[in-house]
Amino acid sequence: MFRTTLFAVFALGACAVPAFAQDGAILPGYWEVTNKVTALVSQTKTETRCITPPEVAKFMLGPSNRHYKCDYPTRIFKNGKITLKGKCATKNGHTAMLEATGAYSPTTFKMVAEIDTSYGALPISGKATTEARRISDTCPTPPPPKAG
């Protein structure tokens, strides 16, 4: 179960990354994002989210978050194509190799990652796919906080 959760984490979200050289990067706005993880089990989650200008690089540059750290010696975003190759590690030292390819435009994004890890001596492979499309140039106004 931990390994499946690790696969899901790879596909969901991103964290702080170095400055991003914009080469036709996605546009900020309101996006529909679908993440699908296939390993021992398959999970799909679709959500809408607001991607602000400072979050564009975080979204595009590859999975990583507060639960694990990823290093991508190969990180290419050029001419609408994505190539990532690297290694991710959890805080307790569990590692997984990740290779991802994809494509992007100002209003679309798709990345497919092949993930290889192990459970004890048993090798485990999985696939994580993120597909996103911009549904509006503006984000909805958040509802006011509940009184109380």
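Computed from the coordinates by the stated procedures, all read-outs in this text should not be read as laboratory data. Since the structure is predicted, the reported quantities are computational estimates derived from the model, not experimental observations. Cβ: placed from backbone, ideal geometry, glycine included. Neighbour counts: every protein chain shown.
Before moving on, here are some points about what is shown:
- Packing-based order for 140-146, 25-31, using average beta carbon neighbours within 10 Å, highest first: 25-31, 140-146
- In nm, spacing of pseudo-spin labels at ILE76 and THR34 (7 Å Cα→C-beta vector): 2.8
- Added length on full extension, which subtracts the Cα-Cα distance from 0.36 nm per residue, LYS110 to MET97: 2.7 nm
- Computed from label points 7 Å out along Cα-Cβ, the spacing between ALA89 and CYS139 is 3.3 nm.
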